[in-house]
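Below is one structure, written out as structure tokens; comments come after it.
All of the numbers you see were taken from the coordinates with simple rules; none came from a lab. Since the model is a prediction, treat every value here as computed from it, not as a measurement. For neighbour counting, all protein chains shown are included, and Cβ atoms are generated from backbone atoms with ideal geometry for every residue, glycine included.
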Amino acid sequence: MLALINPKTIRKDPEGVKAKLKTRGVDPAEVEEYLKLDEANRNAIGQVEGYRKQKNELTEVISKSKDKRDPEIQAKIKQVKQLNADIKTADEAQKELAAKWRYIAIRLPNLPDDSLPVGPDEDADVEERLWGDKPEFDFKPKAHWEIGEALGILDFDRAAKVSGARFVYYKDAGARLERALYNFMLDLHTQEQGYHEIIPPYLVTAKTMFGTGQFPKFTEDVYTVEATGMTLIPTAEVPLTNYYSGEILDEKDLPTYFTALTPSFRSEAGSAGRDTRGLIRMHQFNKVEMVKFSKPEDSYKELEKMTLDAQEVLKRLGLAHHVIVLSTGDTGFSSAKTYDLEVWMPEQNRYREISSCSNCLDFQARRAMIRYRKADGSVDYVHTLNGSGVAVGRTVAAILENYQQADGTIKVPDALIPYMGGQTVIK
RNA sequence: GGAGAGUUGGCAGAGUGGUAAUGCACCGGACUCGAAAUCCGGCGAACCGGCUUAUACCGGCGCGCAAGUUCGAAUCUUGUACUCUCCUCCA
């Protein structure tokens, strides 16, 4: 029976948990109900186990008897039959309690870290640090989709014809720019930052989606193939983190880092009307993802490092950005602490999210059963982290807007020139 | 899609109705200056409950999973998942 938040934490400090989850929008009554069911369930388990113990004792005697017809043995058999009925009743009652408990348990979000700003939404996010100078233009900067369409490297109209809204065709230098970007990112992560390069499955089972916390709460945000129940991954975090699901790792193998380029598929239910133009909010987009498995005591250190790894992508591309720490209400379901990287978008005159780095502590590890054996032989859950390193489509958008020139051409960032076959300008 | 086989503790591998052999590994001890070998003993995943400082102790569960038959199931029945092999098909 798996949980989300460590059940012992909730038992030990119910008021603290209530207070913390309240900052994430969870009604304390939910926690109250959880505790009630938790206790009732444990009592029920005790009862069932008591019956089972009696039964085991009786059947042991029966098994050792020579003569099953002995009236004494027959009496014991009768007793066991009665016990079986008792067990059935008690067991069904217990299962029901467990199911109710579980229903709540798997829907409670992770406990936020104490360092988070408290607040209901993104307005309470706090800027941690700033990098780079915003570009200055002696003309009015255009939106990336205008630039891309004018150059013939992005085609939203034809994509709409073929697939509907929120899809795009990249063409010529646009396609090459996308490819250059993700190759650049993958090389950085694998050659310099120590990540294993992975190409994972893009279709996963419901159980896998549960492991990373997308299910059962967020089924409406993804595409699930009706015939098989398989889901198109909304992020590579899902297949990467579940890589070790159900396994017990060796302490010496931690930490370990994975990275992968994959498409991400999102239904964007509920975001109608937002970012309807351009590359910002697509049903399908490429993303280079980073995932880490770490020992509990190292996970926050690893989060800082991972955030810097993502930042390094933007630094080398010369893209102005800042790092913000998400407030309690803005932090994702599975995460205890999340840093977002937001890149400067000149036409919109604001920062836009381009990466999100999260420490999920043991929240996902509990769901996906990812553990490690310590030197003393005991077993504990690992901590999992994930971060974008970074969203490729949005990076294309950022480059088009930040590197646009008065004549409508695009200067290729120095770091990308080798990946563009030496091309320095897109025109 | 069709047919067949398999799924037991870290690994190997027994066990066709009576409550998980054995080997290797591992842990403790003996022997030794120490180690190896040997000998003795122990331990057989993980999980849950009770009691808790506890990886100690007691109990439950536990032979892919689920349900059924039975006083009792790794063993019988049914369903299901996954893996492998062959056929068919296909990038």
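Taking neighbour Cβ counts within 10 Å as the exposure measure, how do A:Met230, A:Met185 sort from fewest upward? Display every interim value, and only then the final one.
Details: A:Met230 18, A:Met185 28.
Ordered by Cβ neighbours within 10 Å, fewest first: A:Met230, A:Met185.
When A:Phe363, A:Phe167 are arranged by Cβ crowding within 10 Å, least crowded first, meaning fewest neighbours, the order is A:Phe167, A:Phe363. When you filter the trypsin sites (Lys or Arg not before Pro) in region A:68-152 for DSSP loop state and at most 15 other Cβ atoms inside 10 Å of their Cβ, you are left with A:Lys68, A:Arg69, A:Arg107.
Kindly provide the trypsin sites (Lys or Arg not before Pro) of region A:265-338 that DSSP labels as loop, not H, G, I, E or B, and whose Cβ sees at most 11 other Cβ atoms within 10 Å.
Details: sites: A:Arg266, A:Arg274, A:Arg277, A:Arg281, A:Lys287, A:Lys292, A:Lys301, A:Lys305, A:Lys315, A:Arg316, A:Lys337; in loops: A:Arg266, A:Arg274, A:Arg277, A:Arg281.
Listed in order of number, the matching sites are A:Arg274.
Close amide H contacts of A:Tyr195 (hydrogens built in the peptide plane, cut-off under 5 Å, sequence separation of 5 or more or a different chain): A:Thr190.
Taking a ≥ b ≥ c as the square roots of the eigenvalues of the Cα gyration tensor of region A:169-262, is the shape rounded (a/c under 1.5), prolate (a/b larger than b/c) or oblate? Oblate, since a/c reaches 1.5 and b/c is not below a/b. A simple spin-label model places the labels of A:Asn6 and A:Arg42 1.5 nm from each other, with each point 7 Å out along Cα-to-Cβ. Taking other residues whose beta carbon is less than 12 angstrom from the beta carbon of A:Ala93, and scoring Lys, Arg as +1 and Asp, Glu as -1, yields -1.
Among the chymotrypsin sites (Phe, Trp or Tyr not before Pro) found in region A:97-141, those both in a DSSP coil and sparsely packed, with 16 or fewer other Cβ atoms within 10 Å of their Cβ, are A:Phe137, A:Phe139.
Give the order of A:Ser378, A:Ser267, A:Ser356 when sorted by the count of other beta carbons within 10 angstrom, beginning with the fewest.
Details: A:Ser378 9, A:Ser267 17, A:Ser356 23.
Ranking A:Ser378, A:Ser267, A:Ser356 by Cβ neighbours within 10 Å, fewest first, gives A:Ser378, A:Ser267, A:Ser356.
Taking Cα atoms only, the orientation of helix A:173-187 departs from the longest principal axis of chain A by about 50 degrees.
Note on chain A: dipole from Cβ charges, positive end direction compared against A:Pro234, A:Val392, A:Tyr419; the farthest Cα belongs to A:Pro234.
Can you pick out the pairs among A:Lys22/A:Lys292; A:Lys55/A:Lys374; A:Lys36/A:Lys305; A:Lys36/A:Lys64; A:Lys100/A:Lys207; A:Lys18/A:Lys301 whose Cα atoms lie more than 31 Å from each other? Provide the component values of the computation, followed by the final result.
On the way: A:Lys22/A:Lys292 28 Å; A:Lys55/A:Lys374 37 Å; A:Lys36/A:Lys305 40 Å; A:Lys36/A:Lys64 43 Å; A:Lys100/A:Lys207 19 Å; A:Lys18/A:Lys301 27 Å.
Beyond 31 Å: A:Lys55/A:Lys374; A:Lys36/A:Lys305; A:Lys36/A:Lys64.
Taking all Cα pairs closer than 8 Å and separated by 6 or more residues, the relative contact order of chain A comes to 20 percent.
Excluding the site residues themselves, the longest part of chain A lacking any GluC sites (Glu not before Pro) in a DSSP loop with at most 15 other Cβ atoms within 10 Å is A:269-427.
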